[in-house]
Amino acid sequence: MDTELHSLRIDRSKKTSREPSRWAVRWIIGGILLFVLMGAAAMAYKQFNKALEVDTVRVAAPRIGAGAGESVVLNATGYIVAAHKIQVASKVVGKVAWIGVEKGDKVKEGQVIVRLEDDEYRAQLQQARGQLANLEARLAELLNGSRPEEIAVAKANVEQAQADLENARVNVARVRQLYTDKIFAKATFDDAQARYDQAVARVNSLQKTYDLVKIGPRKEVIDAMRGQIEQAKGLVNFAETQLNDTVIRAPVTGTILERVVERGEFVTTSFVGERGAKGYVVSLADLNDLKVELDISQNDFSKLGPKQKGVITVDAYPGKKWDGVIDEISPEANRQKATVQVKVKVLNPDEFLRPEMNASVAFVSAEKQGAPAVAGKPVVFIPASTVRDDKVYILLGGKVVVRPVRTSGNTPQGLRVEDGLIGGEDLIVNPPAGLKDGDKVKRKQG
């Protein structure tokens, strides 16, 4: 008993060890390090792409032309767009056999720009024309009626049948007499009578055929044939139209903005994906009909009105200006942007203006639109702290746009800018030394 109790006693001098394996420890430590590295990388990426906060000041342009007295009521920026941009599509499906334009080419209305392979459409046209010719010949036959030879044959058939009928009549009379005299049996008389009846029926049938040959075809048959001919003419016209549509022409006079097909590519008239057949061949627009598309804040919208004039400038040519007039005002506002879209027609477009260029418009007060200084030069004053190395740094769309300026001296209103600004731009005050074009920035709050 003592021995058994002793075996059940717990020996507390021995420690039970359940230490984790070395590989488990390594996996845990590796996971923690990976998580830490990912977090650090995310923070570094966020810090690297973080927009720099800057102070800005909006440029004001109170006058156009020195001493002209023409007030600028609003400056706005937007983009030049073609008034009517056209995507020239094909009306038939086919493979491009030839394309005769490049991007930037000027084309005239009706000029051939693309040709599609047309072998199949030519064959369809030939088949339709053959069917029409067949039906027209059949109608001519019906209208001309029976030929004299056909009438003569029908008459001869009737006369032959009448002769056979007379012979059968004489024969049946003779057999009847002999049958009466009991010389012939009744079966012989019945045979003679049957031949006579057949001769009568044949004469009647051939006589009616002769009459139909002389009358000609029925009016209903002729009308049905005329209907088939009209249907065949429609098929010919359709085949001709499809053949002509393999030649794609410019619908208006303008400039090729985009060429999307090459020789050998397939053009379709239905919905297509990015890598499938092309839905159109080129896009073009009349670059003599340009507009500036602007999003005007609802707070400034009351300053503008229909046909209001303004001066247009573009970033690409700071020293050049164009006359403009409000041509279109959207009937509804944009709820998300709190803006109203306005389009300003360029009155004197030239080869310098191109669609999708940045453009600025200085709108002139409505009561003085008749003054000749509308196309004059805006007088712009900016703080000296916004200029560094004869350049200003503009906040546009969350990014920096660096623009060179030419100033003519300091005045109580600030530096007078002769070239580079027209007013309405948001300039960065005291731009940092490392700031460059395209950097992400945002306006400081408060």
Checklist entry - Of all the strands (runs of 3 or more DSSP E) wholly in region 42-83, which have at least 2 residues that are modelled with pLDDT under 80, of a type in the set (A, V, I, L, M, F, W, C) and within 22 Å of Gln298 (Cα to Cα)? => result 60-64
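Determine whether region 250-266 contains at least one residue that is without any contact (Cβ under 8 Å) to a residue 24 or more places away in the chain and in a loop (DSSP other than H, G, I, E, B). Break it down into steps so the answer makes sense when it comes.
Within region 250-266, the subset without any contact (Cβ under 8 Å) to a residue 24 or more places away in the chain is 260.
Those still in the list that are in a loop (DSSP other than H, G, I, E, B) too: 260.
Looking for residues that are without any contact (Cβ under 8 Å) to a residue 24 or more places away in the chain and in a loop (DSSP other than H, G, I, E, B), one finds at least one in region 250-266, hence yes.
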Checklist entry - Residue check, Glu230 against (1) within 60 Å of the chain's Cα centre (by Cα); (2) surrounded by 13 or more Cβ atoms within 10 Å (Cβ to Cβ); (3) of a type outside the set (A, V, I, L, M), all met but one. Which one? => result (2)
Checklist outcome for this item: Looking across region 289-320 at residues that are of a type in the set (A, V, I, L, M, F, W, C) and either modelled with pLDDT under 90 or more than 26 Å from the chain's Cα centre (by Cα) (or both), the single one that is surrounded by the fewest Cβ atoms within 10 Å (Cβ to Cβ) is Ala316
Checklist outcome for this item: Flagged in region 108-130 as touching a Leu at 6+ places or on another chain (Cβ under 7 Å) and either assigned to a helix (DSSP H, G or I) or among the basic types (Lys, Arg) (or both), in numbering order, are Tyr121, Arg122, Leu125, Ala128
Checklist outcome for this item: The number of residues in region 324-342 that are in a loop (DSSP other than H, G, I, E, B) and touching a residue at least 24 places away in the same chain (Cβ under 8 Å) is 3
Checklist entry - Would a scan of region 366-375 turn up a residue that is more than 30 Å from Asp105 (Cα to Cα), at pLDDT below 85 and assigned to a strand (DSSP E or B)? => result no
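Please work out which residue is surrounded by the fewest Cβ atoms within 10 Å (Cβ to Cβ), limiting yourself to region 376-389 and to residues that are modelled with pLDDT of 85 or more and outside any strand (DSSP E or B).
Just the residues of region 376-389 that are modelled with pLDDT of 85 or more, to begin with: 382-389.
After this cut, where a residue has to be outside any strand (DSSP E or B) as well, the list is 383-386, 389.
Values: Pro383: 14, Ala384: 10, Ser385: 15, Thr386: 24, Asp389: 7.
Ranking the qualifying residues of region 376-389, first place goes to Asp389.
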Checklist entry - Among Asp327, Asp323, which is the only one that is surrounded by fewer than 18 Cβ atoms within 10 Å (Cβ to Cβ), in contact with a helix residue (DSSP H, G or I) (Cβ under 6 Å, 6 or more places away or on another chain) and at pLDDT 90 or above? => result Asp323
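The values are calculated or read from the model by the stated rules, or taken from the named source; none is laboratory data. This is a predicted model, so every value here is computed, not measured. All Cβ positions, even for glycine, are placed from backbone atoms using ideal geometry, and neighbour counts span all protein chains on display.
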